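Student: Take a look at this one; I'll ask things after.
The values are calculated or read from the model by the stated rules, or taken from the named source; none is laboratory data. Model, not experiment: these values are computed from the prediction. So basically every Cβ, Gly included, is an ideal-geometry build from the backbone, and we count neighbours across all protein chains shown. Only protein heavy atoms, including side chains, enter the accessible area calculation; ligands, DNA and RNA are left aside. Shrake-Rupley method; radii C 1.70, N 1.55, O 1.52, S 1.80 Å.
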Amino acid sequence: MTAIAAPAAPNTTLTAADRCDRCGAQAFVRVVLASGDLLFCGHHARNYEEGLRAQALEWVDETATLNS
Ligand SMILES: [Zn+2]
């Protein structure tokens, strides 16, 4: 198990300008990896969650805002 320094986490609320890296839809999930951030729509976040969760330093899921 590698110790990973907690990344500086500004309150990064996703906006309509943030787009899914896979399909270009509005992003609702930000995945922070050691190599950088990925943004996903709800659909692709679920698609990649199983594989990425283990590597993610941070998993910011704002899909709840879909319903508001
Ligand atoms: Zn997508």
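Student: A56 passes all but one of (1) modelled with pLDDT of 95 or more; (2) touching a helix residue (DSSP H, G or I) at 6+ places or on another chain (Cβ under 7 Å); which number fails?
Tutor: (2)
Student: Next question, about the same structure. Would you pick out the residues in the stretch 23-59 that are open to solvent by less than 70 Å² (accessible area, probe 1.4 Å) and acidic (D, E)?
Tutor: Across the stretch 23-59, the qualifying residues are E49, E58.
Student: Starting from residues that are more than 9 Å from the chain's Cα centre (by Cα) and under 14 Å from T13 (Cβ atoms), keep the ones in the stretch 23-65 and report whichever is nearest to the ligand (Cβ to nearest atom).
Tutor: Ranking the candidates gives Q26 first.
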